[in-house]
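Inspection log for the structure reproduced underneath, given as structure tokens.
Throughout, read-outs are computed from the coordinates displayed, never taken from laboratory work. On a predicted model such as this, the values are computed, not experimentally measured, just so you know. Cβ placement follows ideal geometry from the backbone for every residue including glycine, while neighbour counts extend to all protein chains displayed.
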Amino acid sequence: MESIKVFCPATIANISCGFDVLGVALDAVGDEMVVRKTKQKGIRITKLEGQDLPMETLQNVAGVAGLALLTASDYDGGFDIEIYKKIKAGSGIGSSAASSTGAVWAMNALLGKPFSTLELVKFAMEGERLASGVAHADNVAPALYGGFTLVRSYQPLDIIEIPSPQDLYATVIHPQIEVKTSDSRKILKTTLSLEDGIKQWGNLGGLVAGLFKEDYALIGRSLEDHIVEPIRSILIPGFDAIKAVSIENGALGCGISGSGPSIFSFSKGKNTAEKVGLSMREVYDKIGIDYDVHISKINVEGIKVIA
Ligand code: HSE
């Protein structure tokens, strides 16, 4: 195989109480990439459509993640990459992670899969380092493994795959403003109170248990974030109103997707997820903010070959 086309899913990470550790892959929105083996060494971004992003290899997350894989491999050639962005940069649904994971996943496939998924996570994290200054894994892990993933530890890197309840749907609304992950990380406090810590790890344990047990009520009451959301939500217009209408319309819970400005809700069943989407739209229609809405089942496969 000399060339491959892949779908690279959007991801929600953080999920409320799981700051920097818990994420999930979506299937209704994602980028597409074509990766080709070349005799010429190195990585080249030969096409980039849909977003105004750098094409220089060392300035592009797919280029940097790809180079990390290439350096670790014994392959003597290189790769050309075409990127078709459908996920807007700075939207909070893993735009950079989609590009960096798509690149390393496709290259690994073209090389006969010499690297494990965990190794691919490490290569893709180099793309996240370029995008936000921090090599976090909460977006790249679910894009590569599919479903929900927990980063139990960063040193050593330990990723736990978590099952996805059958009827769980995500509704994501993306107000058309850009919030840079690097900026929304700078405003966070670097210490927390024991009281907040106790609430946060109680909820994270509850959320993981709820996902394993397919206990939707437990998932819902665990979708709380006492540490990051109170600070970051100030950057997102209408956040409190969106959260309130989501819950009123049957969502299990609602929070900031990644570093924002997207807001996500989880619901049991597609009908509820759509109703929640309508209620979210009404809030932004009233305020007069442009937005995109995505209603998505959980993507349990992660990256997929599409040609
Ligand atoms: N966990 C990261 C953050 C993800 O919230 O800063 C950013 O997409």
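Find all pairs meeting these conditions: Cβ atoms under 6 angstrom apart; at least six residues apart or on different chains; first residue within the range 160-187 and closer than 27 Å to Glu282 by Cβ and touching a residue at least 12 places away in the same chain (Cβ under 8 Å); second residue of a type in the set (Ser, Thr, Tyr) and outside any strand (DSSP E or B).
Close Cβ pairs (under 6 Å, with a partner that is of a type in the set (Ser, Thr, Tyr) and outside any strand (DSSP E or B)) amount to Val172/Ser262; His174/Ser91; His174/Ser262; Ser184/Ser259.
For the range 71-94, what are the residues that are under 24 Å from Ile159 (Cβ atoms) and buried (at least 22 other Cβ atoms within 10 Å of the Cβ)? So that I can check it myself, show each step before the final result.
Within the range 71-94, the subset under 24 Å from Ile159 (Cβ atoms) is 71-73, 87, 91-94.
Once the filter is applied, which keeps residues that are under 24 Å from Ile159 (Cβ atoms) and buried (at least 22 other Cβ atoms within 10 Å of the Cβ), the range 71-94 yields Ile87, Ser91, Gly92, Ile93, Gly94.
Among the numbered criteria (1) assigned to a strand (DSSP E or B); (2) within 12 Å of the ligand (Cβ to nearest atom), which one does His174 miss?
In the conditions (1) assigned to a strand (DSSP E or B); (2) within 12 Å of the ligand (Cβ to nearest atom), His174 misses (2) alone.
Of the numbered conditions (1) more than 16 Å from the ligand (Cβ to nearest atom); (2) within 25 Å of Pro163 (Cα to Cα), Asp225 satisfies every one except a single condition; which is it?
(1)
Return the only residue of Ala103, Ala97, Ala124, Ala143 being crowded, with 24+ Cβ neighbours inside 10 Å, over 13 Å from Thr11 (Cα atoms) and within 16 Å of the ligand (Cβ to nearest atom).
So the residue among Ala103, Ala97, Ala124, Ala143 that is crowded, with 24+ Cβ neighbours inside 10 Å, over 13 Å from Thr11 (Cα atoms) and within 16 Å of the ligand (Cβ to nearest atom) is Ala124.
Sort through Ile263, Ile287, Ile234, Ile256 and tell me the only one that's surrounded by fewer than 24 Cβ atoms within 10 Å (Cβ to Cβ) and within 16 Å of the ligand (Cβ to nearest atom).
Result: Ile234 is the single residue among Ile263, Ile287, Ile234, Ile256 that is surrounded by fewer than 24 Cβ atoms within 10 Å (Cβ to Cβ) and within 16 Å of the ligand (Cβ to nearest atom).
Pairs under 7 Å by beta carbon, first residue outside any strand (DSSP E or B) in the range 4-19, partner near the ligand (Cβ under 9 Å from one of its atoms) and among the small types (Gly, Ala, Ser), six or more apart or different chains?
Listed by first residue and then by second, the contacts come to Ala13/Gly23; Ala13/Gly94; Ala13/Gly258; Asn14/Gly258.
Being assigned to a strand (DSSP E or B) and among the basic types (Lys, Arg) is the filter here, so list the residues in the range 20-73 that pass it.
Within the range 20-73, Arg36, Lys37, Arg44, Lys47 qualify.
Scan the range 222-252 residue by residue and report those that are under 23 Å from Glu274 (Cβ atoms) and not in a loop (DSSP other than H, G, I, E, B).
Phe239, Asp240, Ala241, Ile242, Lys243, Ala244, Val245, Ser246, Ile247, Glu248
For Asp158, all conditions in the list (1) charged (D, E, K, R); (2) in contact with a Lys or Arg (Cβ under 7 Å, 6 or more places away or on another chain); (3) assigned to a helix (DSSP H, G or I) hold save one; what is the number of the exception?
(3)
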